[in-house]
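To start, the structure under review is shown below, and the notes come after it.
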Amino acid sequence: MKKVVLFFAVSAAVVLASCNNNEANNQVSNDVDSVAEAVDSTVAVVDSAVATAETVVDSAIAVAETAAEVVEAVENAVEAAK
């Protein structure tokens, strides 16, 4: 009789323990999904920032090239005026 009672007690403990772990696992799964979505969103923002930075750098290079041409033209004009 003691073995039967012990069997049911252990079975009940296992059932109760497995129910609590299921809720915790679902919460962890939901948290992981939320973090994954946040990372994807952050990656999209960083990609956009990189594209903008590349555009700014290209514009700065174009301005520097134009400035070099202007300096050269001014130097040529000064030489011609002498």
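Per-residue 3J(HN,Hα) values for region 74-82, derived from phi via the Karplus relation 6.51 cos²θ - 1.76 cosθ + 1.60 with θ = phi - 60°, read 5, 4, 5, 5, 5, 4, 5, 6, 6 Hz in sequence order (x marks Gly and Pro). Hey, what do the phi angles of region 33-39 turn into as Karplus ³J(HN,Hα) couplings, whole Hz, using 6.51/-1.76/1.60 and θ = phi - 60°, x for Gly and Pro? After applying 6.51 cos²θ - 1.76 cosθ + 1.60, I find 4, 5, 5, 4, 5, 5, 5 Hz. Whole-Hz Karplus values for region 59-68 come out as 5, 5, 5, 4, 5, 5, 5, 5, 4, 5 Hz, taken residue by residue from phi with 6.51 cos²θ - 1.76 cosθ + 1.60 and θ = phi - 60°; glycine and proline positions read x.
Only the coordinates and a few stated rules stand behind these numbers; no lab work does. Values in this document were obtained by computation on a predicted structure and should not be read as measured data.
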